[in-house]
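Below: the structure, in structure tokens.
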Amino acid sequence: MGKRSRGNLDQPIHHWIFEHISDAVLFINKDGKIEASNQPTHSLLKMTTDKIFITDYLKLNTLTPTDGKELMVRTKTKPERLILFRSMQIGEYVCMILREGGIQANKEAIYYSLNNMLNGPYEGVVMHDRDQIIDCDQAFASLSGYEREELLGMSILDLIHPKDHGKMIKSMQSIKHAPYTVKGIKKDGSIIYAEIVPEILDVNDGELSIAMIRNITERIENEKQIEFMAYYDELTDLPNRNYFQKVLNDEINISKLKERNLAVHFIDLDYFKHINDTLGYHFGDQLLKAFAKRLKKLIYEDIFVARMTGDEFLILQRNIEEKEEATNFAEEIINSLKQPLNVNGYEIYTSVSVGISIYPELGQSGSQLIKQADTAMKFIKEENKNDYVVFQHSFTEGFKERLTLETELHKAIKNKDFVLYFQPQIDIKNNQIIGFEALCRWEHSERGLVAPSEFIPLAEETGLIVELGEWVIREACQQNKKWQELGLPKVKVSVNLSAKQFLQRDLVHKIAQILEETGLEPQYFEIEITESMAMSNEKYIIETLNGFQNLGVNVALDDFGTGYSSLKYLSQFPLSKLKIDRLFIQNKTEQNKAIVKTIIHLSHSLNLKVIAEGVENEEELHFLNNEDCDEVQGYYFSKPVPNQEVLALFKKKISK
């Protein structure tokens, strides 16, 4: 019989077969000493000359033959491997047939079993004893970024984020092998999310764990993106209103148990709309990002910051004991803006209005606290801006009235419950009416005539001013045309335009249509714009004013001297008239008289006419006449009257 390097055993199989069989075959005596072994055995067990017993290589509990039954055992060499063997008694020796017992040996059975559990494609398989990796396939190695040889013997916990160690240990200790998700760490430190389906494999001296791995990184990232969109504001990276509401409700529940107070701060960026309209929406977005960054500097353990919408932000202040802690923090917010915000290389100085509500003193629910803080913010914003106020229940009364008025205003515009009043404008030299200013009044069913000061700001804020303004223009033109058809002197009618109206892109075209429909010639219609409007968007203003000039419509600059006057605008804009504000006429200080004289002389030097409003007595008229003012209007001549009384005004002035 053939012999190998292990002893001189007479083999019970032919020497040539023993040498050339591909299986690892060896013979041991009753003590476990290896008497003969072929080359595949040497390769499989990595045999050395100093180790001559089978127990030097394999963790065998017994040398009793298996009678053909295949068992799995571990190697004693590191890294530990698995070997499948079966043995039988042949004469006085035990013949053992060995083969690789890792994943490759059990691949088909393992994959079939785990694929049925997973109901989908796998992306890697790893075999481990507790946390030590025994074997893995190439797919798992590629997924982890390691070479397969590097992984053998490593702790599988080294591949998992520390926060998920407990999850995996719990799974290994459990008798139920349910799939679970972990956050993995690749060799290069990058993150991968994996779904793990565990299974147990019986071996000769115990059990091994097998895990099927599926890469779900893309799915998790998509879920995170969806969650971000649901709970975060994309522009500022701050939590959004939904997230704030959730956190606030959670904190209220905690505070109920621990009897703690909370404060909600509702913050509005002052003058943001003006900045947005003047410098554009992109600049406005950059300003909001800069402001959010400034707010983030105020964040500490008990502060939670979120963006409400637009230029409105919310802050939750936890664990306050006294109301002063909330007001002190509001002062901190306001003071944080004493340093300018850097926006695209510009230093922008701005301010905020802050409304505060306190739990449980003022509100019991999250939505109530936010609403109260919002109400307080609006109150302080209307009062003086750049300040804070704690909500008071008296605030809501005024806002209820405002809400009622807003609802009624919507209905009034739909039903056209408005009427125009006309105040005459007089040529100061010949005492003749040369025009009328059209003034809108609301004919309220219960309150009677509502003054413009009560509803025009509300119409501006709600955007209803555009629809209302178009009605005023059309009505004024129609009425002026009717007077002309009655044989009255042809005079102009002037209408004040709001900022929202004037910034309409198709304004010139709209007015041209109204003039055509009513049949009023353009020279008998005049538009009045305020000084602050004229300076808000220079390029667009010039284009619009040139459009009116080409149309033949005159434009007057109203309230001149009350804004940030600039001779540059007067020289560039195609205006026909400056209107001196009543403030300078009625407040008869020497300084105001000097201002009036200057405006008149300036207007004439620019070939502009000048009209003074608010003239109430002969002394004021005499002063303006001496200074060569062109036109006047005011109660000295007539208060605004309905169109039925305009005929009487013409007769009175013409006969004078």
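The values are calculated or read from the model by the stated rules, or taken from the named source; none is laboratory data. This one's a predicted model, so the numbers in the text were calculated from it and none came from an experiment. Reconstructed Cβ throughout: ideal geometry from the backbone, glycine too, with neighbour counts over all protein chains shown. When the accessible area is computed, the model is the full protein with side chains, heavy atoms only, and any ligands, DNA or RNA have been set aside. Shrake-Rupley method; radii C 1.70, N 1.55, O 1.52, S 1.80 Å.
Scanning segment 604-621 for residues that are in a helix (DSSP H, G or I), at pLDDT 90 or above and farther than 21 Å from residue 639 by Cβ yields a single hit, 604. Checking each residue in segment 194-236 for being open to solvent by less than 90 Å² (accessible area, probe 1.4 Å), at pLDDT 80 or above and closer than 30 Å to residue 308 by Cα picks out 220, 232, 233, 235, 236.
In the list 191, 267, which residue meets the criterion of being open to solvent by 50 Å² or more (accessible area, probe 1.4 Å) and of a type outside the set (D, E, K, R)? Give the steps one after another, and end with the answer.
Details: 267 fails: open to solvent by 50 Å² or more (accessible area, probe 1.4 Å).
Exactly one residue qualifies, and that residue is 191.
Counting only helices (runs of 4 or more DSSP H) that sit wholly inside segment 449-549, those with at least 3 residues that are closer than 24 Å to residue 416 by Cα are 452-462, 465-485, 499-502, 507-518.
Within segment 607-625, residues that are touching a residue at least 24 places away in the same chain (Cβ under 8 Å) and more than 8 Å from residue 585 (Cα to Cα) reach partners that are assigned to a loop (DSSP other than H, G, I, E, B) and open to solvent by less than 10 Å² (accessible area, probe 1.4 Å) with beta carbons closer than 6 Å, at six or more positions or on different chains, in the pairs 610/629; 616/634; 621/615. Looking at 314, 337, which one is among the hydrophobic types (A, V, I, L, M, F, W, C) and crowded, with 20+ Cβ neighbours inside 10 Å? The match here is 314. Pairing residues of segment 241-262 that are more than 17 Å from residue 309 (Cβ to Cβ) with residues that are of a type in the set (Ser, Thr, Tyr) and outside any helix (DSSP H, G or I), at Cβ distances under 7 Å and at least 6 apart in sequence or on separate chains, gives 252/359; 255/359; 261/359; 262/359. Looking across segment 360-375 at every residue that is small (Gly, Ala, Ser) and under 21 Å from the mean Cα position of the chain (by Cα), the one that is farthest from residue 264 (Cα to Cα) is identified as 367. Applying the condition of being part of a helix (DSSP H, G or I) and open to solvent by less than 10 Å² (accessible area, probe 1.4 Å) to segment 360-369 and asking which residue is modelled with the lowest pLDDT yields 366.
Of all residues in segment 350-359, those satisfying the criterion of being within 23 Å of the chain's Cα centre (by Cα) and either in a strand (DSSP E or B) or not small (Gly, Ala, Ser) (or both) are 350, 352, 353, 354, 355, 356.
The residues on offer are 306, 290, and the sole one that is surrounded by 13 or more Cβ atoms within 10 Å (Cβ to Cβ), of a type outside the set (Ser, Thr, Tyr) and over 28 Å from residue 500 (Cα atoms) is 306. If I filter segment 322-331 for residues that are closer than 29 Å to residue 274 by Cβ and without any contact (Cβ under 8 Å) to a residue 40 or more places away in the chain, do I get at least one hit? Within segment 322-331, not a single residue is closer than 29 Å to residue 274 by Cβ and without any contact (Cβ under 8 Å) to a residue 40 or more places away in the chain. When 145, 120, 91 are checked against the criterion of being over 44 Å from the mean Cα position of the chain (by Cα) and either open to solvent by 10 Å² or more (accessible area, probe 1.4 Å) or modelled with pLDDT under 85 (or both), 91 stands alone in meeting it. Only one entry of 498, 453 meets the criterion of being within 39 Å of the chain's Cα centre (by Cα) and open to solvent by less than 20 Å² (accessible area, probe 1.4 Å), and that entry is 498.
Are any residues in segment 376-392 within 23 Å of the chain's Cα centre (by Cα) and either at pLDDT 90 or above or of a type in the set (Gly, Ala, Ser) (or both), and if so, which ones? Answer for segment 376-392, where residues must be within 23 Å of the chain's Cα centre (by Cα) and either at pLDDT 90 or above or of a type in the set (Gly, Ala, Ser) (or both): just 377.
Restricted to segment 518-536, and to residues there that are open to solvent by 40 Å² or more (accessible area, probe 1.4 Å) and under 43 Å from the mean Cα position of the chain (by Cα), the residue that is modelled with the highest pLDDT is 532. Residues being touching a helix residue (DSSP H, G or I) at 6+ places or on another chain (Cβ under 7 Å) and open to solvent by 40 Å² or more (accessible area, probe 1.4 Å) are entirely absent from segment 422-429. Per the conditions (1) more than 25 Å from residue 579 (Cα to Cα); (2) among the polar types (S, T, N, Q); (3) touching a residue at least 24 places away in the same chain (Cβ under 8 Å), the sole criterion not satisfied by residue 478 is (1).
Checking each residue in segment 334-349 for being outside any loop (DSSP other than H, G, I, E, B) and either on the phi > 0 side of the Ramachandran plot or touching a residue at least 40 places away in the same chain (Cβ under 8 Å) (or both) picks out 334, 341, 342, 343, 348. Summed over segment 606-622, the residues that are open to solvent by less than 50 Å² (accessible area, probe 1.4 Å), out of contact with any Phe, Trp or Tyr (no Cβ under 9 Å at 6 or more places or on another chain) and of a type in the set (A, V, I, L, M, F, W, C) give a count of 2.
I need the full set of residues from segment 50-92 which are part of a strand (DSSP E or B), within 18 Å of residue 23 (Cα to Cα) and among the aromatic types (Phe, Trp, Tyr), in order please. Hit for segment 50-92 is 85, nothing else. The C-beta contact set for segment 38-67 (first residue more than 15 Å from residue 26 (Cα to Cα), second residue open to solvent by less than 70 Å² (accessible area, probe 1.4 Å) and of a type in the set (Lys, Arg), distance under 7 angstrom, 6+ apart or interchain) comprises 59/74.
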